Amino acid sequence: MIIVAGSANIDLVARVDHQPAPGETLIAEGYAVHDGGKGANQAVAAARMGSRVRFVGAVGADDFGARIRTTLEAEQIDTSALSTLGGASGIAMISVDSAGENCIIVVPGANEKLGVIEDAETVFGGARVVLTQLETPPAFVNAALMAGRLYGAETMLNAAPAASLSPYALDALDWLIVNAAEAALIGEVAVPADVTAARALAADLAATYAVGVVITLGADGATWQARDETAEDAGGHVAGAAAEVVDTTGAGDTFAGVFAWARSQDKSIREAVRWAVAAGGLSVGRAGARSGMPGFTQLAEAVGD
């Protein structure tokens with residue numbers, strides 16, 4: 001089983017020609033409501049591979065909360081650890097421009113009330129992989145990673161939105177998954193200009209924090225560095241395939257969810273990155289964070305397996 005502990009939101013998406021400058025008012029070309037939240041998105045990406053997935057998070061006692069739960073259950077995701085709390089569910093306000101690039105403002109709602117995870121053995125026992133992100137409070141992220149480590153799971157943190165890393169999280173972490181900008185913020189360096197620079201940054205972060213590091217590079221694929229430099233496929237790069245970009249909103253979440261699934265299936269790091277890169281490339285072809293997320297058959301055809 002894969003445990004995804006994280007945020008669940010409703011995405012309110014406006015399509016615009018370009019992103020507004022400060023003080024600029026734009027008339028949107030379209031508007032849509034989608035299910036989102038980095039945690040919930042990653043859970044869906046993993047579930048579409050056919051994995052058993054349990055989602056740990058919170059929603060508000062409102063219509064959005066009911067929608068979030070129903071949508072996750074429709075993806076065959078276990079919501080027994082999804083709490084309903086007072087107040088509003090989380091939302092994200094997203095603008096997507098004509099190039100498919102996005103800007104996002106998150107209002108956490110119930111997500112920010114998450115903290116210590118009760119009955120951790122029931123929730124995390126038997127998990128192969130535990131995956132979390134940074135859209136929820138640090139105490140919750142730390143608790144999820146430490147529970148994953150305690151019960152023998154491979155632990156992963158998608159450090160998005162970018163933030164400094166807690167020593168408690170690092171002590172319990174196997175894999176750090178970040179994009180180039182997030183990696184640069186954590187490493188306190190410039191954003192890598194090319195694949196070579198990204199590979200060097202991955203190696204530096206792996207050595208500094210004693211964790212495996214995966215850096216996603218958009219159309220350029222992804223690069224990684226394992227914690228153990230002597231391991232087979234300890235470091236490398238998988239190139240991205242050409243893709244028609246409609247909306248990049250869910251690409252990173254698709255990558256993380258499929259990477260978690262691949263590792264739960266005992267795929268090597270290179271193979272896990274290869275499957276995740278292919279999934280991210282497929283995901284950008286449709287509007288909405290989840291609309292383009294592939295199922296197993298579609299992804300296997302794209303990968304060539």
Can you give me the pair-distance distribution of region 77-190, C-alpha pairs, 10 Å bins, whole percents?
13, 38, 35, 13, 1
Potential lengthening between residue 219 and residue 116 on full extension [0.36 nm per residue; Cα-Cα distance subtracted]
33.3 nm
Can you tell me the relative contact order of region 204-305? Whole percent, Cα pairs under 8 Å, sequence separation 6 or more.
22 percent
Calculated P(r) of region 1-158 - Cα pairs past 23 Å, %:
39 percent
Once you have all Cα-Cα distances for region 38-83, histogram them in 10 Å bins from zero and send the whole-percent values.
30, 59, 10, 0
Run the helix sum for the chain: -39,500 (n - 2.57) per DSSP H stretch of 4+ residues, divided by residue count, reported at 222 nm to the nearest 500 deg cm²/dmol.
-10500 deg cm²/dmol
Using the Kirkwood formula over every pair of different C-alpha atoms, what hydrodynamic radius in Å results for region 159-294?
14.8 Å
Compute the length gained on full extension between residue 296 and residue 195: take 0.36 nm times their separation in residues and subtract their Cα-Cα distance, giving the result in nm to one decimal.
33.5 nm
Using the Cα atoms of region 202-268 to build a convex hull, what is its mean projected area in square nanometres?
5.1 nm²
Just round it to a whole percent: the fraction of Cα-Cα distances in the chain exceeding 31 Å.
23 percent
Cα centroids of region 133-168 and region 105-132: how far apart, whole angstrom?
9 Å
Distance in nm between label sites at residue 17 and residue 185, each 7 Å beyond Cα in the beta-carbon direction?
3.1 nm
What distance in nm separates the simple spin-label points at residue 208 and residue 27, each placed 7 Å from Cα in the Cβ direction?
4.7 nm
Using the 2.2 N^0.38 Å rule of thumb for compact globular proteins, work out how region 1-62 stacks up: its C-alpha Rg over that value, please.
1.51
Please report the relative contact order for the chain, taking Cα pairs under 8 Å with a sequence separation of at least 6, and give it as a percent rounded to a whole number.
17 percent
Quick one: among 214, 107, 284, which has the greatest mean-square fluctuation in a GNM of the chain with alpha-carbon springs under 10 angstrom?
107
Mind listing the Cα extents of region 77-128 along all three principal axes, in Å, largest one first?
46, 30, 17
Quick one: net charge of residue 259's neighbours, Cβ under 12 Å, K/R +1, D/E -1?
0
For residue 11, other-chain or 5+-apart residues with amide H closer than 5 Å (H placed, Pro excluded) are 34, 35, 36, 92
Suppose a student asked you for the relative contact order of region 1-148, using Cα pairs under 8 Å spaced at least 6 residues apart; what percent would you report?
30 percent
Label points 7 Å out from Cα along the Cβ direction at residue 230 and residue 139: separation in nm?
4.2 nm
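Readers should treat all values here as calculations from the given coordinates under stated rules, not as data from a laboratory. Just so it is clear, the model here is predicted, and its values are computed rather than measured. In this analysis, Cβ positions are derived from the backbone assuming ideal geometry, glycine residues included, and neighbour counts consider all displayed protein chains.
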